[in-house]
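The values are calculated or read from the model by the stated rules, or taken from the named source; none is laboratory data. What you see is a predicted model, and the numbers here were worked out from it, not measured in a lab. Note that we place each Cβ from the backbone using ideal geometry, even for glycine, and neighbour counts take in every protein chain shown.
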Amino acid sequence: MARAQDGDPAAFEALVRHHQTRLFRFVVRMTRDRGDAEDVIQDTWVSVWRRLPTLTDRDAFQPWLYQIGHRQALAVLRARSRRDTPTPDTALEPPTSEAGPQQRSEDHARQRSLDTLVAELPVDLRACWVLTEVNGLTYPETAQALGVPVSTVRGRIARARHQLAEGMDPWRP
Amino acid sequence: MASLDDTPRLLCGRPVDQVWADLDDPPTAHELGCPYCQAARHSLDNLTAATQAMKLAEDADPDLQPSESLTASIVTIARAEVRRGRRIPLDHHTSVHTTTGADLSISEQAIATVVRDLIDTSRYGAEARRCRIDVDLPNPEDSPQRLGKEDAAATRLQVQLSVSLPAGQPLHLAANDLRARIADGVTNKLGLIAIRIDIIVEDLHDLT
């Protein structure tokens, strides 16, 4: 981190590779479009590279990274809304597993259902839920990333869980 | 407070996030007798299982891996925008550019890269972090006879380097060794003289 802040491109590349997958998945879930997500990711990292020397608390890097990525993703959503472009239907396709055909089909359908429910969450709830439940950020880190108080994060997550849990009830064993 | 009031509550009055927080514990007396809490526990258990399955599927799903070309393009942009820092003349008797326009300088970033590589390849297993390079202006008392003919012309540097060292080593010995390594390396590789080298031990790490 310190070396990347110092302008060492090799250290920056290591930083990108370390965080890229999780950041990418977060942005895909926000934009629901792989092409838009790739644009957002590129703009996010270029911004990180240019602003890295200004980051004083290295421990805050992850929320700072997601803060930039989240803002870039929201800009894409706003631009899409201005163009009145429908949100792409990119429910993520679950990969096949080793289970039998019937079990596989049920797992597949269950996962599609959760993907759709997540995609249908309001943007602010979706960002909170994905950052904490999927990407593993703490509540304070999520609050920092989204620029809201921790109490707001807690409330949004409770509402997201409530909505998702209700939506997944038909899949209860 | 307003945001807490937004928290969904069950018909028994308990907030949903409290049920979630207690999910890993055995049901309380209230939960055992409350149909709303029991239903909520089952729903949230089901969501937890589905979320775990979703995370596992993400790891195995090639569509959710960022492409190598995306990562490569980001790194290419970063390399094109490298913050090279100031230009430092190789010889303090000359300016950065000669009258013929030849560049007789080196970037601060290039010197820092050499310094960091010297540390990373040391026998101590040290890790270089931030590196600051400053030019030390010539001291009139340092006559060519005192420094040696070649040294008198070379640009003199002050180096400040933060490092992480392996735990369990005498720090002053390691720091002295790293100083000597930087001093020799900067002279041998770049023809510059590091007259002051500050090593800041910022962290200790275990050797893997």
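Look at A:Pro9 and say whether it is without any contact (Cβ under 8 Å) to a residue 24 or more places away in the chain, more than 19 Å from A:Leu131 (Cα to Cα) and at the interface with chain B (Cβ under 9 Å from one of its Cβ atoms).
Values: without any contact (Cβ under 8 Å) to a residue 24 or more places away in the chain: yes; more than 19 Å from A:Leu131 (Cα to Cα): yes; at the interface with chain B (Cβ under 9 Å from one of its Cβ atoms): yes.
Yes: the conditions hold for A:Pro9.
Name the residue that is nearest to the other protein chains (Cβ to nearest Cβ), counting only residues in segment B:102-137 that are over 17 Å from the mean Cα position of the chain (by Cα) and of a type in the set (Ser, Thr, Tyr).
Filtering first and then ranking leaves B:Ser107.
When only residues in segment B:57-116 that are basic (Lys, Arg) and over 17 Å from A:Phe12 (Cβ atoms) count, which is modelled with the lowest pLDDT?
From segment B:57-116, those basic (Lys, Arg) are B:79, B:83-84, B:86-87, B:116; that's our starting set.
Subset that is over 17 Å from A:Phe12 (Cβ atoms): B:86-87.
Numbers: B:Arg86: 70, B:Arg87: 75.
Ranking the qualifying residues of segment B:57-116, first place goes to B:Arg86.
In segment A:32-42, which residues are in a helix (DSSP H, G or I) and either at the interface with chain B (Cβ under 10 Å from one of its Cβ atoms) or surrounded by 20 or more Cβ atoms within 10 Å (Cβ to Cβ) (or both)? Can you show your working first?
At the first step, the residues of segment A:32-42 found to be in a helix (DSSP H, G or I) are A:34-42.
Once the filter is applied, which keeps residues that are in a helix (DSSP H, G or I) and either at the interface with chain B (Cβ under 10 Å from one of its Cβ atoms) or surrounded by 20 or more Cβ atoms within 10 Å (Cβ to Cβ) (or both), segment A:32-42 yields A:Arg34, A:Asp36, A:Ala37, A:Glu38, A:Asp39, A:Val40, A:Ile41, A:Gln42.
Residues in segment A:78-101: is at least one farther than 21 Å from B:Gln65 by Cα, in a helix (DSSP H, G or I), modelled with pLDDT under 65 and of a type outside the set (Val, Ile, Thr)?
The answer is yes, given that some residue of segment A:78-101 is farther than 21 Å from B:Gln65 by Cα, in a helix (DSSP H, G or I), modelled with pLDDT under 65 and of a type outside the set (Val, Ile, Thr).
For segment A:125-173, give me each residue that is charged (D, E, K, R), part of a helix (DSSP H, G or I) and free of Cβ contacts under 8 Å to residues at least 40 places away in the same chain. Give the steps one after another, and end with the answer.
Keep residues of segment A:125-173 that are charged (D, E, K, R), which gives A:126, A:133, A:141, A:154, A:156, A:159, A:161, A:166, A:169, A:172.
After this cut, where a residue has to be part of a helix (DSSP H, G or I) as well, the list is A:126, A:133, A:141, A:154, A:156, A:159, A:161, A:166, A:169.
Across segment A:125-173, the qualifying residues are A:Glu133, A:Arg154, A:Arg156, A:Arg159, A:Arg161, A:Glu166, A:Asp169.
Residues that are more than 10 Å from chain A (Cβ to nearest Cβ) and surrounded by 14 or more Cβ atoms within 10 Å (Cβ to Cβ): find the helices (runs of 4 or more DSSP H) completely inside segment B:13-89 holding 3 or more of those.
Details: elements: B:16-21, B:29-33, B:35-60, B:68-80.
Helices (runs of 4 or more DSSP H) meeting the threshold: B:35-60.
Working only within segment B:106-121, note down all residues that are of a type in the set (D, E, K, R), within 15 Å of B:Arg132 (Cβ to Cβ) and touching a helix residue (DSSP H, G or I) at 6+ places or on another chain (Cβ under 9 Å). Full working, then the answer.
Of segment B:106-121, the ones of a type in the set (D, E, K, R) are B:108, B:116-117, B:120.
Okay, now just the ones that are also within 15 Å of B:Arg132 (Cβ to Cβ), so B:108, B:116.
Hit for segment B:106-121 is B:Arg116, nothing else.
For a quick check of your reading of the model, give me the residue pairs whose first member lies in segment A:13-31 and is within 7 Å of chain B (Cβ to nearest Cβ) and more than 16 Å from B:Ala57 (Cβ to Cβ), whose second is in a helix (DSSP H, G or I) and hydrophobic (A, V, I, L, M, F, W, C), with beta-carbon atoms closer than 6 Å and at least 6 apart or on different chains.
Hits for this filter: A:Glu13/B:Val75; A:Val16/A:Trp45; A:Val16/B:Ile74.
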